[in-house]
Amino acid sequence: AKIIKTSISKVPLFLQKSDGGFGYDSTDMAAIRYRTKELKMDWLIYVTDLGQGNHFQSCFEASRKAGYISDESCRVDHVGFGLVLGADGKRFRSRSGETVALSNLLDEAKDRIKKELEERVASGNTPLKLDEIDHAASVVGFAAVKYADLKSSKEKDYIFDYDLMLQPTGNTGVYILYTYARLCSIESKVEAATNRTVEAIVENRKSKIVINRCRPREFELASQLIRYGDNIERTASTLSPHFLCAYIYEICVAVSKFYTEHKLLVDADGKGVKGLDVEHGEDWVCLLHAVRLTLKELVPLLGMELLERI
């Protein structure tokens with residue numbers, strides 16, 4: 001047999017077995033060589049369960065010994081993830097004990113959201129039309145499952161619970177999407193009340209906008225936007241999407257607190273006609289527009305689609 005010993009494990013890597021056969025060690029080493037030498041890749045990321053960690057660290061060390069990679073030529077990472085557990089705390093499986101297909105999980109999430117949206121359409125509590133429900137249910141249901149998977153540290157086991165992940169409040173994908181849709185709704189109402197586009201308001205005000213530290217909710221929301229670059233860099237450098245999830249959620253919470261305390265549209269003439277707050281309205285439009293654009297950039301990085309109306 002042809003082997004390579006590493007400091008990671010007492011068991012060496014078998015490049016070729018004594019009978020001339022090849023196994024996972026052989027193919028994984030060959031893949032690293034091909035990707036670095038032939039494809040000239042400068043960053044390799046292997047995503048598997050945590051149990052494969054030692055195997056890939058051994059492959060990385062052996063590849064350095066063989067000259068396939070170096071710290072200067074190529075970065076290599078193993079991204080290990082934890083287990084998805086059921087409500088009983090055991091590995092998540094179907095009732096028959098089989099592994100549950102991801103497509104089935106997504107379909108169930110969609111069906112649950114679809115039923116809720118149909119009830120809201122019937123009661124007039126959503127701007128969606130009947131022919132829009134199916135697409136919206138797919139977007140929201142899939143986002144709920146994806147966000148629940150990504151919001152925890154990747155090494156951490158988590159319990160798969162539809163009731164929790166489909167909640168419209170709290171740290172869920174549904175809440176994130178609802179917050180974005182709410183911002184879109186606010187902009188539509190502003191445009192209807194002022195007969196001006198939000199873009200026109202921003203263009204007119206952007207060089208004069210004032211963020212007041214004496215209004216804590218306003219300052220907190222603006223401060224979240226400043227952290228954009230740092231959170232993108234932290235997420236990418238550590239290969240940890242839960243940092244991005246946390247940042248997006250913090251923005252959404254800050255939006256909710258801001259809008260609870262400050263109203264953009266007020267009774268402008270004492271007769272019930274809505275108009276922008278005279279003193280701060282345009283500044284707040286600029287701030288919320290910047291927040292919406294920020295979420296529009298960030299949320300798709302998690303593989304989630306956004307909706308302007310839910």
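General observations
- Screening Arg64 against (1) over 23 Å from Phe14 (Cα atoms); (2) open to solvent by 40 Å² or more (accessible area, probe 1.4 Å); (3) at pLDDT 95 or above leaves a single unmet condition, (1).
- Unique residue being on the phi < 0 side of the Ramachandran plot, outside any helix (DSSP H, G or I) and either touching a strand residue (DSSP E or B) at 6+ places or on another chain (Cβ under 9 Å) or open to solvent by less than 70 Å² (accessible area, probe 1.4 Å) (or both) when the list is Thr126, Thr179: Thr126
- Ile32 being closer than 29 Å to Asp149 by Cα, β-branched (Val, Ile, Thr) and open to solvent by less than 80 Å² (accessible area, probe 1.4 Å): yes
- Across region 1-29, the number of residues qualifying as surrounded by 13 or more Cβ atoms within 10 Å (Cβ to Cβ) and outside any strand (DSSP E or B) comes to 12.
- Qualifying residue in region 160-176 (condition: on the phi < 0 side of the Ramachandran plot, of a type in the set (Val, Ile, Thr), open to solvent by 70 Å² or more (accessible area, probe 1.4 Å) and part of a loop (DSSP other than H, G, I, E, B)): yes
- Checked against the criteria, Gly89 does not count as of a type in the set (Gly, Ala, Ser), under 26 Å from the mean Cα position of the chain (by Cα), open to solvent by 30 Å² or more (accessible area, probe 1.4 Å) and closer than 18 Å to Ile8 by Cα.
- Among residues of region 142-166 that are within 20 Å of Thr235 (Cβ to Cβ), those with a beta-carbon under 6 Å from a residue that is open to solvent by less than 80 Å² (accessible area, probe 1.4 Å) and among the polar types (S, T, N, Q) at least six positions away or on a different chain give the pairs Tyr158/Ser152.
- Extreme residue, least open to solvent (accessible area, probe 1.4 Å), among residues of region 186-222 that are in a loop (DSSP other than H, G, I, E, B) and charged (D, E, K, R): Arg215
- Positions within region 250-300 being of a type in the set (D, E, K, R), more than 17 Å from Ile186 (Cβ to Cβ) and in a helix (DSSP H, G or I), in sequence order: Glu250, Glu297
- Within the set Leu287, Leu225, Leu244, Leu239, the sole residue that is of a type in the set (A, V, I, L, M, F, W, C), over 19 Å from Leu177 (Cβ atoms) and buried (at least 20 other Cβ atoms within 10 Å of the Cβ) turns out to be Leu287.
- For Ser94, the conditions (1) at pLDDT below 95; (2) surrounded by 14 or more Cβ atoms within 10 Å (Cβ to Cβ); (3) of a type outside the set (A, V, I, L, M) are fulfilled apart from (2).
- Top-ranked residue of region 237-272 - restricted to ones that are aliphatic (A, V, I, L, M) and over 21 Å from the mean Cα position of the chain (by Cα), ranked as modelled with the lowest pLDDT: Ala268
The values are calculated or read from the model by the stated rules, or taken from the named source; none is laboratory data. On a predicted model such as this, the values are computed, not experimentally measured, just so you know. Cβ coordinates were reconstructed from backbone atoms using ideal geometry, including for glycine residues, and neighbour counts include every protein chain displayed. With ligands, DNA and RNA removed, areas are computed over all heavy atoms of the protein, side chains included. Shrake-Rupley method; radii C 1.70, N 1.55, O 1.52, S 1.80 Å.
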